[in-house]
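The values are calculated or read from the model by the stated rules, or taken from the named source; none is laboratory data. Being a predicted model, the structure only gives us computed values, none of them experimental. Reconstructed Cβ throughout: ideal geometry from the backbone, glycine too, with neighbour counts over all protein chains shown. The area values use the complete protein model at the heavy-atom level, side chains included, leaving out ligands, DNA and RNA. Shrake-Rupley method; radii C 1.70, N 1.55, O 1.52, S 1.80 Å.
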Amino acid sequence: MLILLAFIIVFHITSAALLFISTIDNAWWVGDNFSTDVWRMCTTNTSTCVAITDQFREYQSIQAVQAAMILSTIFCCVAFLVFILQLFRLKQGERFVLTSIIQLLSCLCVMIGASIYTDRHEELHHSHEYRMEVSKGQYGYSFVLAWIAFAFTLISGVMYLVLRKRK
């Protein structure tokens, strides 16, 4: 039982780390000499960054992705704290339903954020407000990590739903 508990804790912390990295790091869309995410666009050659503000045509879509990714990270961290509290407060034989619900909300938020970015990426990168041509890029590792975090949060949410407190 202790090994299973350790595995679940490590799995949850890995999910949170993936969410933090994918939300913060600047590699959702990358090219030969630029990288961009939901916060800013940076040129690799000159190391200058431009914040994505409301001057960009698709700023509302970017804000939706920002909000969804931040919410998913917060929900994942709250789910971990609730799990630790429930670990000591639940009676033997009860399930971690509240933790599972919060973790599945995190899963839903990361799915919404990554889906919006996937759907709107052409409009996002054809904006004239960028200093350089960013439409010829490709998805970066932060975008991939967001989808991996979706899978991890879904799996851990289901694991919490199945998990019973034992001695």
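Values computed for the structure shown
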read-out: Boolean, Cys77 is open to solvent by less than 20 Å² (accessible area, probe 1.4 Å), touching a helix residue (DSSP H, G or I) at 6+ places or on another chain (Cβ under 9 Å) and in contact (Cβ under 8 Å) with a residue 12 or more places away in the chain; value: no
read-out: Identity of the residue in the range 137-167, open to solvent by less than 40 Å² (accessible area, probe 1.4 Å) and aromatic (Phe, Trp, Tyr), that ends up nearest to Leu104 (Cα to Cα); value: Tyr160
read-out: Any hit, the range 5-24, residues being touching a Leu at 6+ places or on another chain (Cβ under 8 Å), in contact (Cβ under 8 Å) with a residue 40 or more places away in the chain and not hydrophobic (A, V, I, L, M, F, W, C); value: yes
read-out: Conditions (1) more than 19 Å from Ala149 (Cβ to Cβ); (2) crowded, with 18+ Cβ neighbours inside 10 Å; (3) among the acidic types (Asp, Glu); number of the one not met by Glu94; value: (2)
read-out: Qualifying residues in the range 6-32 (those that are at pLDDT below 85 and surrounded by 14 or more Cβ atoms within 10 Å (Cβ to Cβ)) - the one farthest from the chain's Cα centre (by Cα); value: Gly31
read-out: Sole exception among (1) at pLDDT 90 or above; (2) farther than 30 Å from Leu4 by Cβ; (3) of a type outside the set (Lys, Arg) for Glu122, by number; value: (1)
read-out: Residue that is surrounded by the fewest Cβ atoms within 10 Å (Cβ to Cβ) [pool: residues in the range 39-63 that are touching a Lys or Arg at 6+ places or on another chain (Cβ under 9 Å) and assigned to a helix (DSSP H, G or I)]; value: Ser61
read-out: Single match in Ile70, Ile84, Ile112, Ile101 (criterion: open to solvent by 60 Å² or more (accessible area, probe 1.4 Å), at pLDDT 90 or above, within 23 Å of Val10 (Cβ to Cβ) and not in a loop (DSSP other than H, G, I, E, B)); value: Ile101
